[in-house]
Ligand code: NAD
């Protein structure tokens with residue numbers, strides 16, 4: 001394709017057409033998908049890094065000062081996830097694409113758990129029917145024991161931190177860590193491997209609401225393109241991948257994805 005995106009309607013129809021004809025379609029999502037649900041992004045207007053020091057949330061800091069880390073993380077957690085928020089039309093459109101058999105997997109950079117919640121709301125988790133959800137960076141609603149690997153609801157760990165019991169510890173004595181990939185920490189190898197394989201196997205990779213500057217998300221569209229896949233971008237702003245993408249929808253994800261779903265449904 002020629003990288004010319006003058007008519008966004010053309011891009012939408014072309015993408016819908018490719019999705020209908022594809023064997024494997026993978027969605028890659030970032031913070032922009034959850035922004036309309038009220039979850040702030042890290043960067044950009046009203047991003048949380050305007051209010052918090054990114055350097056306090058590194059793996060190194062966690063290891064040096066787990067008590068201080070948990071107190072700061074408690075503030076960040078309240079700022080990001082303090083309000084009740086729910087999946088939006090973008091999450092729902094992806095679930096619908098999965099249920100109709102078009103979408104193989106949702107690979108997400110998000111740690112808010114909203115893709116899983118959207119899938120659960122239609123009874124769609126673990127039954128093999130809808131798209132798989134791969135959380136590349138973990139899930140902020142869980143905590144994991146750094147000694148025995150026990151996973152627990154993060155809420156109880158945060159309640160203990162709020163009561164001054166820091167760092168929260170597991171029954172085995174190990175320190176709990178939020179079950180997210182911290183800056184400076186490796187991504188879980190198996191999840192990363194699967195995400196790369198999915199990107200390589202995809203006939204269509206749809207990157208939604210991701211600035212595509214953080215690895216490995218940044219390189220997944222490239223992997224898809226290298227093996228002949230169509231790359232579609234949905235974002236309010238330009239991304240570094242736009243110039244080489246096959247279709248670019250410069251739009252709110254909650255608007256573009258339902259329209260894409262309707263076009264997929266309506267065509268053929
Ligand atoms: P980012 O904050 O760097 O970029 C967000 C992108 O979404 C931007 O390109 C922006 O233009 C776009 N966007 C914002 N609102 C949109 C909308 N309504 N429709 C379409 N696009 C929209 O986020 P990122 O690139 O996804 O990732 C950075 C890291 O931040 C990730 O590793 C992720 O783990 C973490 N993060 C997660 C959450 C969450 O779980 N919801 C929130 C903030 C950051």
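Just a few scattered comments:
- Residue 55, sole failed condition from (1) within 11 Å of the ligand (Cβ to nearest atom); (2) on the phi < 0 side of the Ramachandran plot: (1)
- Any hit, the stretch 104-114, residues being assigned to a helix (DSSP H, G or I) and either surrounded by 15 or more Cβ atoms within 10 Å (Cβ to Cβ) or free of Cβ contacts under 8 Å to residues at least 40 places away in the same chain (or both): yes
- Conditions (1) in a helix (DSSP H, G or I); (2) within 11 Å of the ligand (Cβ to nearest atom); (3) in contact (Cβ under 8 Å) with a residue 60 or more places away in the chain: number failed by residue 69: (2)
- Hits in the stretch 142-173 (condition: crowded, with 17+ Cβ neighbours inside 10 Å, in contact (Cβ under 8 Å) with a residue 40 or more places away in the chain, touching a helix residue (DSSP H, G or I) at 6+ places or on another chain (Cβ under 7 Å) and not in a loop (DSSP other than H, G, I, E, B)): 158, 161
- Residue satisfying condition, being within 16 Å of the ligand (Cβ to nearest atom), part of a helix (DSSP H, G or I) and in contact with a strand residue (DSSP E or B) (Cβ under 9 Å, 6 or more places away or on another chain), within set 28, 15: 15
- Residues located in the stretch 193-233, provided they are in contact (Cβ under 8 Å) with a residue 60 or more places away in the chain, in contact with a strand residue (DSSP E or B) (Cβ under 7 Å, 6 or more places away or on another chain) and within 14 Å of the ligand (Cβ to nearest atom): 195, 206, 207, 208, 209, 210, 217, 220, 221, 232
- Inter-residue pairs, beta-carbon under 9 Å, first within 14 Å of residue 92 (Cβ to Cβ) and within 12 Å of the ligand (Cβ to nearest atom) and in the stretch 248-264, second in a loop (DSSP other than H, G, I, E, B) and modelled with pLDDT under 95, 6+ apart: none
- Those residues of the stretch 31-52 which are within 10 Å of the ligand (Cβ to nearest atom), part of a helix (DSSP H, G or I) and either touching a strand residue (DSSP E or B) at 6+ places or on another chain (Cβ under 8 Å) or farther than 29 Å from residue 223 by Cα (or both), in sequence order: 32, 33, 37, 48, 49
- Test: residue in the stretch 4-21 that is within 30 Å of residue 176 (Cβ to Cβ) and at pLDDT 95 or above: no
- Between 9, 30, the distinction of being under 25 Å from residue 202 (Cβ atoms) and buried (at least 17 other Cβ atoms within 10 Å of the Cβ) belongs to 30 only.
The values are calculated or read from the model by the stated rules, or taken from the named source; none is laboratory data. In this text, all values refer to a predicted model and were calculated from it rather than measured experimentally. Cβ sites come from the backbone with ideal geometry, for glycine too, and all protein chains shown count toward neighbours.
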